[in-house]
Amino acid sequence: MSGITHRVAQLLSEGEPGSTVTVGGWVRTRRDSKQGFSFIELNDGSSMAGLQVIADNTVPGYEETIKGVQTGSSIRVTGELKESPGAKQRVELHAKSLELVGTSDVETYPLQKKRHSFEFLREIAHLRPRTNTFGAIARVRNRVSHGIHTFFQSRGFLYVHTPIITTSDCEGAGEMFTVTTLLQESRAQGQESRAESQEPSAASLDPGSSTLDYSTDFFGKKASLTVSGQLEAEIYATSVGPCYTFGPTFRAENSNTTRHLAEFWMIEPEMPFYELDDNMQLAEEFIKFLINDVLQNCADDMEFFNQRIEKTVLETLRHIVEKDFRRISYTEAVDILTSAGRSWDYPVEWGHNLQAEHERFLTEEHFQQPIIVYDYPRAIKPFYMYCNDDGKTVRAMDVLVPRVGEIIGGSQREHRLDVLESRIKECGLDPEEYWWYLDLRRFGSVPHAGFGLGLERMLLLLTGMQNIRDVIPFPRTPKNAEF
Ligand code: 4AD
Ligand code: MG
């Protein structure tokens, strides 16, 4: 055993009055009564609510120990669970022994009882999970991750681990972080040669410049951190059937927004014999399942978000699960936007990407519900999407939700060998680089489709939090990779 017998959440929901238990955690507050006993609010991160601990001078060493029981300190308590006279909780713990495990200096402990700004808390990301908000986010994030596996496993999908280091740029957007050992080697060599010959350092080599010869690099060619596991997921989908990836994803896009991270988590299901309509149906069921699962299993945390973070979050989520998502083509979306009588920061024109302001107008104002936009212009989409007969559009789909905008991006894949080959060339890529991807179309090709859900975007929707940096434990964004 770990030295404790129970977690606080367990005791609050099902702890039996009269039983003896040992709990451990961090002190939120301590209040002393004139009658010579103390109320300690103990939180161990298992639930929003803490456990009320009552200690008095019958506890061995009470006088000396209690002085150290300060906000932020860690304690372990053994005692008897009793029914609580207060309305706030069902049970409270009457201490028989109280151990001060780790002291905390209240003068310098950064978390005070008052509310802190999220900007400040980002600077103390090592302590912020001790706050109500970040504890709740951690629990909801955990629950969604569980729900993702439950959803796919119950439908017979296989969980596939696609590589983090890759040599193919799935999205073709040039947003990859290069993985190389050339710089450290050249730096080491540079230092040696400097010592010998006073030559200038080679450390200023730019990995993007042609001076790096990747054939001599660790992998023998240019490698990067993955922007998507899709291409590898397609390999498995066309072998073992429906499958999904769920892992970290990296994008070196220099966008400092409240919706972009350089490292985020993505869930990518891939299904053989699926076409675009099947893909849309699955995406909708997936989102609804995750919302229902969190509403059921994180009720206290969700109540907190609704009261303290975003007053409309529960209402929005209930609305989302009740209604069918609206499906509109990209062309229809452009028509709605151009006749909306609005002035946009980015002009709307057929053939251009929809910007966040357009997406949010459609889902928040025009339809006031989630929508799926499909059949985007082929010129703005990656090489792998199925080309429609109109010669202008591809079978892409984006799911847009209120307050967040794009939460899912996906498509039916091009499974026709000749069309795919010419699309790869049309996108300025080299078919030889994609020999293995083309093989999947050479040998037993099937129509297939899939999509990617951004986990942190899903968490923004669920929690009502405004900034994506606050729904991942340690955000990585331009100029920031602390902790
Ligand atoms: O639309 P995206 O780029 O689609 C793909 O990567 C496809 N290969 C997925 C597939 O079909 N298997 O990204 C999918 C989702 C977006 O809708 C968004 O939710 C999230 O990933 N996302 C980001 N989340 C946080 N920070 C970023 N920089 C993100 N870029 C994409
Ligand atoms: Mg997208």
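The values are calculated or read from the model by the stated rules, or taken from the named source; none is laboratory data. Note that the structure is predicted; figures quoted are calculated from it, not measured. FYI the Cβ positions are ideal-geometry reconstructions off the backbone, even for glycines, and counts take in every protein chain you see. Just so you know, the surface numbers come from the protein's heavy atoms only, side chains and all, with ligands and any DNA or RNA stripped out. Shrake-Rupley method; radii C 1.70, N 1.55, O 1.52, S 1.80 Å.
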(request) Please state, rounded to one decimal and in Å, the Kirkwood hydrodynamic radius that region 1-140 gives when every pair of distinct Cα atoms enters the mean of 1/r. (result) 15.5
(request) Evaluate Rg over Rh across region 240-381, taking Cα atoms for both radii and Kirkwood's formula for Rh. (result) 0.98
(message) Taking all protein chains in place and a 1.4 Å probe, what share, in percent, of the accessible surface of region 214-318 do carbon and sulfur account for?
(response) 49
(message) Within region 4-118, what whole-number % of the accessible surface is contributed by carbon and sulfur, with the 1.4 Å probe and all protein chains included in the calculation?
(response) 50
(request) Would you compute, for the Cα atoms of the chain, the largest minus smallest coordinate along each principal axis and list the three values in descending order, in whole Å? (result) 84, 72, 48
(request) Hand me the trypsin sites (Lys or Arg not before Pro) from region 207-311 located in a DSSP loop with no more than 14 other Cβ atoms within 10 Å, in residue order please. (result) Lys221, Lys311
(message) So with the 1.4 Å probe, I'd like the accessible area per residue for the chain, rounded to whole Å².
(response) 48
(message) If I histogram all Cα-Cα distances within region 384-425 using bins 5 Å wide from 0, what percent of pairs lands in each bin?
(response) 6, 22, 23, 20, 11, 10, 6, 2, 0
(message) With every protein chain left in place and a probe of 1.4 Å, what is the accessible surface of Arg442, to the nearest 10 Å²?
(response) 110
(message) Can you list residues from other chains, or at least 5 along the same chain, whose modelled amide H is less than 5 Å from the amide H of Gly452?
(response) Gly409, Gly410
(message) Quick check: convex hull over the Cα atoms of region 434-483, volume per residue in Å³, rounded to an integer?
(response) 145
(message) Report, in listed order, any pair from Lys392/Lys425; Lys288/Lys311; Lys88/Lys288; Lys82/Lys113 with a Cα-Cα distance greater than 22 Å.
(response) Lys88/Lys288; Lys82/Lys113
(message) With a cut-off of 8 Å between alpha carbons and a minimum separation of six or more residues, what is the relative contact order of the chain in percent?
(response) 13
(request) For region 33-140, state which GluC sites (Glu not before Pro) are in a DSSP loop and have at most 10 other beta carbons lying within 10 Å of their beta carbon. (result) Glu107
(message) Quick check: with the 1.4 Å probe, what order do Thr393, Thr258, Thr181 take by accessible area, largest first?
(response) Thr258, Thr181, Thr393
(request) Using only the Cα atoms, work out Rg/Rh for region 298-361, with Rh taken as the Kirkwood radius, to two decimals. (result) 1.14
(request) Whole Å is fine, so just give me how far the alpha carbon centre of region 336-414 lies from that of region 269-326. (result) 20
(request) Could you work out the mean projected area of the convex hull around the alpha carbons of region 43-111, in square nanometres to one decimal? (result) 5.3
(message) Computing the accessible area with a 1.4 Å probe over protein heavy atoms, can you report the carbon and sulfur percentage for region 353-481?
(response) 47
(message) If amide hydrogens are placed 1.01 Å from N in the peptide plane, which non-local residues have theirs closer than 5 Å to the one on Gly25?
(response) Ile75
